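Participant: Pasting a structure here, questions to come.
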Amino acid sequence: QVPLVASGGGLVQAGGSLRLSCAASGRTFSDMGWFRQAPGKERDFVAAISWSGGITYYADSVKGRFTISRDNAKNTVYLQMNSLKPEDTAVYYCAAKMRGGPFQNEYNYGHWGQGTQVTVSS
């Protein structure tokens, strides 16, 4: 599987914003998702978006602060993160949904990339 490339992470103060990008080389995937993994914790679902962009899902912890979107002409999915909190600190991964089942289940995804580090200081 060709990995997706996530970028846009960095160090930001609490209350700040970042926009992550997830690029697919030469193809457009159907449903896409963002997950994150904090040190010593399991990887958690953050957000997902359908191919058309008309359906989105969010983890309760990020609703109202994060927005997932996509530009299929650029084969890119975005995650706009506002009002960041120290607990948002994690490596953020994007992935393509490869099979049916819940959007929140990471086992339904593939083409995982290397992730991008987001660090929010208090």
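Participant: Show me the strands (runs of 3 or more DSSP E) found entirely inside region 28-97 where at least 1 residues are open to solvent by less than 40 Å² (accessible area, probe 1.4 Å) and in contact with a Cys (Cβ under 9 Å, 6 or more places away or on another chain).
Facilitator: 32-37, 76-81, 90-97
Participant: Which ones in region 85-119 are among the small types (G, A, S) and free of Cβ contacts under 8 Å to residues at least 40 places away in the same chain?
Facilitator: Matches in region 85-119: G100, G101.
Participant: Also, I was wondering about something else. Which residues, taken from region 1-27, are without any contact (Cβ under 8 Å) to a residue 60 or more places away in the chain and surrounded by fewer than 14 Cβ atoms within 10 Å (Cβ to Cβ)?
Facilitator: S25, G26, R27
Participant: Then there's this: For region 98-122, give me each residue that is of a type in the set (F, W, Y) and either open to solvent by less than 60 Å² (accessible area, probe 1.4 Å) or under 12 Å from A47 (Cβ atoms) (or both).
Facilitator: To start, the set of residues in region 98-122 that are of a type in the set (F, W, Y) comprises 103, 107, 109, 112.
Matches in region 98-122: F103, Y109.
The values are calculated or read from the model by the stated rules, or taken from the named source; none is laboratory data. Note that this is a predicted model, so its numbers are computed, not measured. Every residue, glycine as well, gets a Cβ built from its backbone with ideal geometry; the counts of neighbours run over all protein chains shown. What goes into the accessible areas is simple: the full protein's heavy atoms, side chains included, and nothing from ligands, DNA or RNA. Shrake-Rupley method; radii C 1.70, N 1.55, O 1.52, S 1.80 Å.
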